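K.L.:
Below is a structure I'd like to ask you about.
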């Protein structure tokens, strides 16, 4: 299956009906606006944590109707995160959304081996883009969490992304390992990683996807460019997943697509027992809404 | 002065009249097509090096008219590069253009301390983009040569870029040091580099420009995004020059703008006694033409 538009994921979410989501410290006006739209569309049912007075103030300022909304009152950011995690554990919520709490605080609680809800080898950030310059949805990982992943961590990042693609109906996604070059240069570690990851895919250590690389970005997203460089690969020019070398390059690519590429995006944190949505103030309203919809697709 | 379109640099080049350029091993059909357009526009006068038979064949295939064109015949790629360098030394050419020769071969000859034409502390690649999503020309450096520059090398890369901006008429360019974050994280070296480069600018060790950072890319190119993050900087949202963390991130940004951003670009190698133009097969015809025009602006 080929997915061309984020709207398709949004429609899936609407069809799936409301999913309970736990919001960590919900006194965040921008987030409440996005939650209001997602609730109106019928795909989320938010349960809020945090200080009740502050939540009521933020709700009033953002036009979020608190009628029939459960507020689990908590005193500290840490307590709000724990409250959300407990909702996941007892089955009363299926997604966690970050509100007015630091990302590090929330993620530390989530990956805690004893009291958290870790699942996979590592948690990773994934963004899916709808670009006016590409023929289908295109994913970038990891643009936000893993600073300088080694090759095993990169395999885990691929694994998280592939599992997501399976859940949204893309059965054998094409993974392009991106570097500055389309050939191995021992001075550029990411090109060596690409060779190893390709071999791991060949040896079935990375399954249910096609991994190829190293690619310069143009070879991964432009068939014409791949032909110019005599690259014969079914991933070339048709990648679903772009595995980036590190956090700097991933974040720059993410921001370039959103701010200098006319793309729209949805993002989610993968690798915990449930999807985690972190929206940032600089994300557009639409991007926040699509991120919630993406998480509902995965729950 | 604010330059909005690459066409302005092209017009400048046309007004300046023909500049002699030395072409290293000219049997490259795509390059000859671009040279033909630049010659018709009146801003270059190519002097070709390489094997005469091969050049004549490539010229015939690409419709390049060899009438009144000097061919300095050479036997090897190295000899072609040396021939070009000698033309620079004796004043018979003002720009070097790479033809069908490896980049490394040409650059090694150029930076050779004894026989080459090095000038600045280091050579660096600079690309100028005209993006439909930005309000003026935007430069990315270094996307092609320096793999993992240290802070002194980054200062030299900035210096090369600033000198270019002065030559095209932008007197005090705004340099944004790009990383994944808009604050210092000791685990991400590029954020530390940003602090040092900013201080070097403050201490007048990096002159005639405004350096600020670290910035995530969005803060450098979007005023709205900078305001969201409470960043108060005259560089934020209005950068002329994006200094990237390393080759991987720079190349990915370069390719993203060109292949997923609808941008057009011109590129040049800086830091030698003359501008050096390296066009790649995957560059568009227009991009090759604009690169030649940019080099003429600098000569």
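Quick note: the coordinates plus some simple rules give every number you see, no bench work behind them. Model, not experiment: these values are computed from the prediction. Heads up, the Cβs are rebuilt from the backbone with ideal geometry, glycines too, and the neighbour counts pull from every protein chain shown.
K.L.:
Enter the mean number of other protein chain beta carbons within 10 Å of the beta carbon of each residue in B:259-266, as an integer.
P.N.:
On the way: counts 13, 17, 10, 6, 4, 0, 0, 0.
Per-residue shielding by partner chains comes out at 6.
K.L.:
If you don't mind, there's one more thing I want to ask. If we count other beta carbons within 10 Å of each Cβ, what is the order of A:285, B:153, fewest first? Provide the component values of the computation, followed by the final result.
P.N.:
On the way: A:285 12, B:153 16.
Least to most surrounded, the residues fall as A:285, B:153.
K.L.:
Okay, next question. For segment B:260-299, what does the relative contact order come out to in percent, with C-alpha contacts under 8 Å and a separation of six or more? Don't skip to the end; give the middle numbers.
P.N.:
Working: 41 pairs, mean separation 18.0, N = 40.
Value for segment B:260-299: 45 percent.
K.L.:
Roughly how large, in nm² to one decimal, is the mean projection of the convex hull of the alpha-carbon atoms in segment A:228-286?
P.N.:
Approximately 6.3 nm², given one-decimal rounding.
K.L.:
Looking at chain A, what % of its DSSP beta bridges pair antiparallel, to the nearest 5?
P.N.:
Numbers: 12 of 37 bridges.
That works out to approximately 30 percent antiparallel.
K.L.:
Using only the Cα atoms of segment B:1-157, build the gyration tensor, take square roots of its eigenvalues as a ≥ b ≥ c, and label the shape rounded, prolate or oblate: rounded if a/c is under 1.5, else prolate if a/b is larger than b/c, else oblate. Don't jump to the answer; show the numbers that get you there.
P.N.:
Numbers: a/c = 1.94, a/b = 1.21, b/c = 1.61.
Since a/c reaches 1.5 but b/c is at least a/b, the shape of segment B:1-157 is classed as oblate.
K.L.:
Where does segment B:132-236 land on the Kirkwood hydrodynamic radius, alpha-carbon pairs, in angstrom? Present the calculation step by step, with values, prior to reporting the outcome.
P.N.:
Values: mean 1/r = 0.0709 Å⁻¹.
Taking the inverse mean of 1/r over all distinct Cα pairs, segment B:132-236 comes out at 14.1 Å.
K.L.:
Please report, for the Cα atoms of the protein assembly as shown, the Rg to one decimal and the Dmax as a whole number; what are they, in angstrom?
P.N.:
Every Cα atom of the protein assembly as shown included, Rg and Dmax give 26.0, 84 Å.
K.L.:
From the C-alpha gyration tensor of chain B, pull out the three semi-axes of the equivalent ellipsoid (sqrt of 5λ each), sorted largest to smallest, in whole Å. Please list the in-between numbers first.
P.N.:
Working: eigenvalues 247, 77, 51 Å².
Value: 35, 20, 16 Å, ordered largest first.
K.L.:
A further question on this structure: Quick one: A:11, B:142, B:28, fewest Cβ neighbours within 10 Å first, how do they rank? All intermediate terms of the calculation are to be shown ahead of the outcome.
P.N.:
Values: A:11 14, B:142 29, B:28 24.
Neighbour counts put them in this order, fewest first: A:11, B:28, B:142.
K.L.:
Among B:254, A:183, B:134, what is the fewest-to-most ranking by other Cβ atoms within 10 Å?
P.N.:
A:183, B:134, B:254
K.L.:
Another question about this same structure. Listed highest first by mean packing, meaning other Cβ atoms within 10 Å per residue, what order do B:17-27, B:40-50 come in? Don't skip to the end; give the middle numbers.
P.N.:
Values: B:17-27: 24.5, B:40-50: 22.4.
Ranking the peptides B:17-27, B:40-50 by packing returns B:17-27, B:40-50.
K.L.:
Could you work out how far helix A:189-202 tilts from the main Cα principal axis of chain A, as a 0 to 90 degree angle to the nearest 10?
P.N.:
Helix A:189-202 sits roughly 90 degrees off the main axis of chain A.
K.L.:
Could you list the square roots of 5 times each eigenvalue of the Cα gyration tensor of segment A:260-299, that is, the equivalent ellipsoid semi-axes, sorted largest first and rounded to whole Å? Write down the numbers at each step before the final one.
P.N.:
On the way: eigenvalues 76, 19, 16 Å².
For segment A:260-299, the ellipsoid semi-axes come out as 19, 10, 9 Å.
K.L.:
Tell me the mean residue ellipticity at 222 nm calculated for chain A from its helices only (DSSP H runs of n ≥ 4, each -39500 (n - 2.57), averaged over every residue, nearest 500). Mind dumping the intermediate values first?
P.N.:
Details: 11 runs with 126 residues, N = 299.
Mean residue ellipticity, 222 nm, calculated: -13000 deg cm²/dmol.
K.L.:
What are the semi-axes of the equivalent ellipsoid for segment A:1-83, taken as the square roots of 5 times the Cα gyration tensor eigenvalues, largest first, in whole Å? Could the numbers behind the result be given before it?
P.N.:
Values: eigenvalues 140, 38, 24 Å².
Working from the Cα gyration tensor, I get semi-axes of 26, 14, 11 Å.
K.L.:
What percent do you get for the relative contact order of segment A:1-57 when only Cα pairs under 8 Å and 6+ apart count?
P.N.:
Details: 57 pairs, mean separation 23.7, N = 57.
Relative CO of segment A:1-57 lands at 42 percent.
K.L.:
Based on the mean of other Cβ atoms within 10 Å per residue, sort peptides B:272-283, B:99-110 so the most packed one is first. Don't skip to the answer; put the middle values down first.
P.N.:
Numbers: B:272-283: 21.1, B:99-110: 19.2.
Ranking the peptides B:272-283, B:99-110 by packing returns B:272-283, B:99-110.
K.L.:
Continuing with this model, one more query. Is segment B:49-141 best put as rounded, prolate or oblate by its Cα gyration tensor, with a ≥ b ≥ c the root eigenvalues, rounded for a/c under 1.5, and otherwise prolate when a/b is larger than b/c, oblate when not? Write out the running numbers ahead of the final one.
P.N.:
Details: a/c = 2.31, a/b = 1.28, b/c = 1.80.
Note, shape of segment B:49-141 comes out oblate.
K.L.:
Please determine, in degrees from 0 to 90 and to the nearest 10, the orientation of helix B:52-62 with respect to the longest principal axis defined by the Cα atoms of chain B, where the helix direction is its Cα long axis.
P.N.:
70 degrees
K.L.:
From other protein chains only, count the Cβ atoms within 10 Å of every residue's Cβ in A:236-249, then give the mean.
P.N.:
Working: counts 0, 0, 0, 0, 0, 0, 2, 0, 3, 6, 6, 9, 17, 11.
For this peptide, the per-residue mean of nearby foreign Cβ atoms is 4.
K.L.:
Please give the peptides B:85-91, A:66-72, B:264-270 ranked by average Cβ packing (other Cβ atoms within 10 Å per residue), highest first, as a rough proxy for protection. Working shown, then result.
P.N.:
Details: B:85-91: 16.1, A:66-72: 13.3, B:264-270: 24.3.
The most tightly packed comes first, giving B:264-270, B:85-91, A:66-72.
K.L.:
Still on this structure, please answer the following. Take peptide A:222-230, look around each residue's Cβ out to 10 angstrom, count Cβ atoms belonging to other protein chains, and average those counts.
P.N.:
Values: counts 5, 0, 3, 7, 1, 2, 5, 3, 1.
Mean inter-chain Cβ contacts per residue within 10 Å come to 3.
K.L.:
Still on this structure, I have one more. Before anything else, pin down the relative contact order of chain A: Cα pairs under 8 Å, at least 6 apart, normalised by residue count, whole percent.
P.N.:
23 percent
K.L.:
May I pose another question? Can you give the angle from 0 to 90° between the axis of helix B:29-40 and the longest principal axis of chain B, with both taken from C-alpha atoms, to the nearest 10?
P.N.:
It works out to around 90 degrees.
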